[in-house]
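The values are calculated or read from the model by the stated rules, or taken from the named source; none is laboratory data. Quick caveat: nothing in here was measured; it's all calculated off a predicted structure. Note that each Cβ is placed from the backbone with ideal geometry, even for glycine, and that neighbours are counted across all protein chains shown. In case anyone asks, the SASA skips ligands and DNA or RNA and just uses the protein heavy atoms, side chains included. Shrake-Rupley method; radii C 1.70, N 1.55, O 1.52, S 1.80 Å.
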Amino acid sequence: MALIFYRFSLLIYRFGATVLALFSPKARLFVKGRRRLTDKIKKKLSNNNAPIVWFHCASLGEFEQGRPIIEKFKSQFTNHKILLTFFSPSGYEVRKDYEHADYIFYLPWDSKSSARKFIDIVKPDIALFVKYEYWHFFIKTLKDRNIPIISTSSIFRPDQIYFKPYGWFYLNILKNVTYFFAQNRATKLLLEKHGVNQVSISGDTRFDRVAAIAKNKKELPQVKKFKANKKIMVVGSCWSEDIEVLLPFINASDMKFIIAPHEIEGGTISKLEKECMRKTIRYSKLEESIGDEDVLLVDNIGLLSSLYAYGEYAFVGGAFGAGLHNILEAATYGVPIFFGNKNYKKFNEAVELINLGGAVAVGSYTELQDQFAIFMEDTAIQIAGQVNMDYVKDNTGATDKIFEYCKKLIQP
């Protein structure tokens, strides 16, 4: 019965995506990308004779978590090919030309036939699923063929379906995974409580990723010129709800601001230009700057992780909506961090940095203003910044733990 329900749920999801594709560009990419997908994969791999390591990421965030492991495999297993799949267009469309993967595809729909066809074509030596997504037929097929299945940066909560009295079908999917590398002790204990004992704590590979980014950050001379001798708050991945709180703060401040909206299309930047009472300039127009601008509006993607290096403070968006974006990108540069107080508690690093004194959750302009006053002095900036930098440094190393385990499976 549970398997029938699972299949039915996938059919409903697939039908819904097809209908939504009539109206949504993102859904259109989701559906279009899976048309004749098995044929595309077969054609691309037709001349390949090298062994394959398969990585699956749900979307872009999971890709960033998996990236350090992918690049470690690429550098160490030079005779292997890297195959990368995404479930979501927001991952695939951004990273379809990622240079460290040899093959990049959407993940086919999870069914018995498509899973078997996919595994028949790819023949992976090992499969690594990053953080989320445990597809029944793919995992069962891998298990049946004795192909190791590794879950990296795993994190679970007690309220998830795997751990409900009626969730035995989904729990059995987890039991078929060869090994879990958990982000924290709570996840390890939760899995073990439910009979999933093939687990150890590795930490979160995002720490390795952001540490590497900081070490190899892009130098942005025009941003340095914009900064001049002023203090800057870098606002990263902000949404309209974040802007509502920030805009009066920006207008009342004598600091400079760099604002990188989560979505650069759809009129967000134009709206900021109209509503901001201070002089703005777009990143694409920086060459035309006359040096008197106060607010830099970032109208391209891929720079945020380097932009944090130019700030004394960071405000990271998303917590007033679906969920807080990556605060570790800011923390690694040693800056105090602010974010919304609504949806951040499921992000362990946010809770821990608040407790350590390196980050603050705020609910309004007044609260932001009051909390910011605590961090105005250089000493306060330095202490909070050092807390955040040390936090990242102390939590690096997950990539090496995962790689060493996988290496033994590929080269026993």
Mind ranking 383-394, 45-56 by how tightly packed they are, going by the mean number of other C-beta atoms within 10 angstrom, highest first?
383-394, 45-56
Packing rank of 292-301, 17-26, 181-190, where each peptide gets the mean count of other beta carbons within 10 Å, highest leading:
181-190, 292-301, 17-26
Residue-by-residue Karplus 3J(HN,Hα) for segment 365-376, coefficients 6.51, -1.76, 1.60, Hz, glycine and proline x
4, 4, 5, 4, 4, 5, 5, 4, 4, 5, 9, 6
Using a basic spin-label model with each label point 7 Å from the Cα along Cα→Cβ, how many nm lie between residue 377 and residue 5?
5.9 nm
Starting from the Cα of residue 18, step 7 Å along the direction of its Cβ; do the same at residue 342; then give the gap between the two resulting points in nm.
3.5 nm
Residues with beta-carbon under 12 Å from that of residue 240, excluding residue 240: net charge, scoring Lys, Arg +1 and Asp, Glu -1?
-4
Could you work out [θ]222 nm for the chain from helices alone, using -39500 (n - 2.57) per DSSP H run of at least four and dividing by all its residues? Round to the nearest 500 deg cm²/dmol.
-13500 deg cm²/dmol
Just how far, in whole angstrom, is segment 165-230 from segment 323-401 if you go by their alpha carbon centroids?
17 Å
Under 5 Å from the placed amide H of residue 52, counting only residues 5+ away or on other chains, we find 81, 125
Near the amide H of residue 129, under 5 Å away, which other amide H atoms are found, from residues 5 or more places off or on another chain, if H is placed in the peptide plane?
56, 150, 151, 152
Order by protection proxy (mean Cβ within 10 Å, highest first), peptides 206-216, 34-44
206-216, 34-44
The FRET efficiency for residue 390 and residue 48, from their Cβ-Cβ distance with R0 = 41 Å and rounded to 0.05, is 0.40
Percent relative contact order of the chain, based on C-alpha pairs within less than 8 angstrom and at least six residues apart?
12 percent
How large, in percent, is the carbon and sulfur part of the accessible surface of segment 30-187 at a probe radius of 1.4 Å?
47 percent
Enumerate the calculated ³J(HN,Hα) couplings along segment 134-142 in order (Karplus 6.51 cos²θ - 1.76 cosθ + 1.60, θ = phi - 60°), each rounded to whole Hz, writing x wherever the residue is Gly or Pro.
10, 8, 3, 6, 5, 5, 5, 5, 4
What is the local net charge at residue 364, summed over the other residues whose Cβ is closer than 15 Å to its Cβ (Lys, Arg +1; Asp, Glu -1)?
-4
